[in-house]
1. Determine which member of the set B:A93, B:A123 is more than 9 Å from chain A (Cβ to nearest Cβ) and modelled with pLDDT under 95.
2. How many residues, within the range B:23-40, are in contact (Cβ under 8 Å) with a residue 24 or more places away in the chain, open to solvent by 10 Å² or more (accessible area, probe 1.4 Å) and either of a type in the set (A, V, I, L, M) or facing chain A (nearest Cβ under 9 Å) (or both)?
3. Of all residues in the range B:49-75, how many are assigned to a helix (DSSP H, G or I), among the aromatic types (F, W, Y) and either open to solvent by 10 Å² or more (accessible area, probe 1.4 Å) or within 17 Å of B:W30 (Cβ to Cβ) (or both)?
4. So, B:V138, is that one modelled with pLDDT of 95 or more, part of a helix (DSSP H, G or I) and either in contact with a Pro (Cβ under 8 Å, 6 or more places away or on another chain) or surrounded by 16 or more Cβ atoms within 10 Å (Cβ to Cβ) (or both) or not?
5. Please count how many residues of the range A:15-30 are at the interface with another protein chain (Cβ under 7 Å from one of its Cβ atoms) and under 60 Å from the mean Cα position of the chain (by Cα).
6. From the list B:Q162, B:Q108, B:Q152, pick out the single residue that is free of Cβ contacts under 8 Å to residues at least 60 places away in the same chain and open to solvent by 60 Å² or more (accessible area, probe 1.4 Å).
7. Going by what's in this entry, would B:Q152 be described as over 29 Å from B:E15 (Cα atoms) and modelled with pLDDT of 95 or more?
Amino acid sequence: MTWRDEDLDAAFRGLRDEEPPAAALTALRARVLDKAGRGQGVRMLFWMGLAGAAAMLVLVLLSPRRPAELASLSASPIAAPQPPPFALALHRPAATRVARVAPPRTPKAAPSEEFVRLMTDDPDVVILWAVDSKGDLE
Amino acid sequence: MIWWAGKAEREAAFEEFLFRRQKMVLRTAWRMLGRVEDAQDASQEVFLKAYRFFGQIQPGTETAWLYRVTLNVCYDALRRRRIEVSEIPEPGAAPCQFVLLHEEERKQALQRALLRLPERERAAVVLREIEGLSTSEVASILGSTEVTVRSQISVARGKLRQWLEGVKP
């Protein structure tokens, strides 16, 4: 056996004492610091962009409505509900409203009589037009 | 402004950290991978990881952390490339008697023989025999027990001797 334990230990010591080339150390340091700095810059730009976008979003959500927007909202009136057609046709202004009368009793109509019942804007007033068989209004 | 001041301090602290430990990392990677160029690439990767986690590494464990990361990076590098076994002399082809070799030749012969060892055995030998760590420190870094480390080193030394003597293990 030509390689004893002591021989192996001596060879290991030789490897341990052998320093890496100085140029390799310098190059390693330069590469690491360069890449580390660049990566930091890119990450910083990314987070700054994200923060800016978030700030813009918050400003938009919290900003008060502009006056023009409010004016446009108030200018469009809510349409009044349309009354039924015949109520419109029979609409009477308040001054000419008919006096309250007792609820009419539907008369016993003669076989030839027909009544037309008309609703007014006053729920207490109902107009009944009697129509005879000849078509004349009474 | 406080953030910038903190950043400058962090950069300065990392640069000092790099300067104090670069030799250790490069040497370990060199012995694991066999080539200085490969060791530089691996060491760069190690220190970039250290930069990312700088400040999170528990004080007092930086050395062990660096060794562990260096070995893992070297394992990945070895998996990515196949070591040219042809560069290593075949057993029996050129038996080298220790007394006939100059010191430089002995170191080169041993380095070539190291590259034949399996990764885990090589790591144990590099940390214990070249980096000079204790068996318990090596076991802690490798995540194994002292008994396992002693066994690995004993087996590895036997293989190295046989290869260097030109006899198949």
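The values are calculated or read from the model by the stated rules, or taken from the named source; none is laboratory data. If you're wondering where the values come from, they're calculated on a predicted model, not measured in any experiment. As a convention, Cβ positions derive from the backbone with ideal geometry for all residues, glycine included, and neighbour counts pool all protein chains shown. With ligands, DNA and RNA removed, areas are computed over all heavy atoms of the protein, side chains included. Shrake-Rupley method; radii C 1.70, N 1.55, O 1.52, S 1.80 Å.
1. So the residue among B:A93, B:A123 that is more than 9 Å from chain A (Cβ to nearest Cβ) and modelled with pLDDT under 95 is B:A93.
2. Summing the residues that are in contact (Cβ under 8 Å) with a residue 24 or more places away in the chain, open to solvent by 10 Å² or more (accessible area, probe 1.4 Å) and either of a type in the set (A, V, I, L, M) or facing chain A (nearest Cβ under 9 Å) (or both) in the range B:23-40 gives 2.
3. Of the residues in the range B:49-75, 3 are assigned to a helix (DSSP H, G or I), among the aromatic types (F, W, Y) and either open to solvent by 10 Å² or more (accessible area, probe 1.4 Å) or within 17 Å of B:W30 (Cβ to Cβ) (or both).
4. Considered against the rule, which asks whether it is modelled with pLDDT of 95 or more, part of a helix (DSSP H, G or I) and either in contact with a Pro (Cβ under 8 Å, 6 or more places away or on another chain) or surrounded by 16 or more Cβ atoms within 10 Å (Cβ to Cβ) (or both), B:V138 comes out as yes.
5. So the answer is 3.
6. Exactly one of B:Q162, B:Q108, B:Q152 is free of Cβ contacts under 8 Å to residues at least 60 places away in the same chain and open to solvent by 60 Å² or more (accessible area, probe 1.4 Å), namely B:Q108.
7. The answer is yes for B:Q152.
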